[in-house]
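Note sheet for the following structure.
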Amino acid sequence: MGKIFLLFIAATLMEIFVFIEVGSAIGAWSTIALIVLTAVIGLSLVRIQGFQTLMEAQRKVNMGETPAREMLAGMMLAVSGLLLLLPGFVSDMGGVLLLLPPVREALVERFISRMNVQTQKGQTFDADYYRTDDTDEQQARLDQHLKKKSDDEGTTFEGDFQRKDDK
């Protein structure tokens, strides 16, 4: 917690220092205009890249793959948008760095290499479904179902299965 606090203080002091230096070089109104301009341009780039990332994630989901890389890239784009919205040149530089696809991909690879992802196939779920719109009739069905369930230890449903992506 102390390291985060010190990082926050250092970033704030750095932003103030850069504001003073840039403001003395180009003037106060030009500095404010530059901050607003970087926010507008940066957020439009975040929106475009976010849409591209969303489309790629949708493509992977349709193929039956997990869009882990796209989810991490989307989170980094959200952080980039936040950094671009914050007033300051140092935070804008961090936001722009996260907008660069090679930087983002390198960070995604680093995060994924540190993750330990485990999946299990063939899980079976057991559940009961009860309607609650007709209480008297439903209570009788519920009582009958509970009696039957205790007698036969389960219910088998017959049906057909079709995967949509196997066409």
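In table form, for the structure just shown:
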{"item": "Ascending count of other beta-carbon atoms within 10 Å, so fewest first, for Phe19, Phe5, Phe111", "result": "Phe5, Phe111, Phe19"}
{"item": "Residue order, fewest to most surrounding Cβ atoms within 10 angstrom, among Ser91, Ser80, Ser113", "result": "Ser113, Ser91, Ser80"}
{"item": "Burial ranking of peptide ranges 82-88, 21-27 (average Cβ count within 10 Å, highest at the top)", "result": "82-88, 21-27"}
{"item": "Within segment 2-114: Cβ-based charge dipole about Cα centre, in debye rounded to nearest 20 (Lys, Arg +1; Asp, Glu -1)", "result": "280"}
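Computed from the coordinates by the stated procedures, all read-outs in this text should not be read as laboratory data. Please read these numbers as outputs of a predicted model, since none were measured by experiment. Cβ atoms come from the backbone with ideal geometry, glycine included; neighbour counts cover every protein chain shown.
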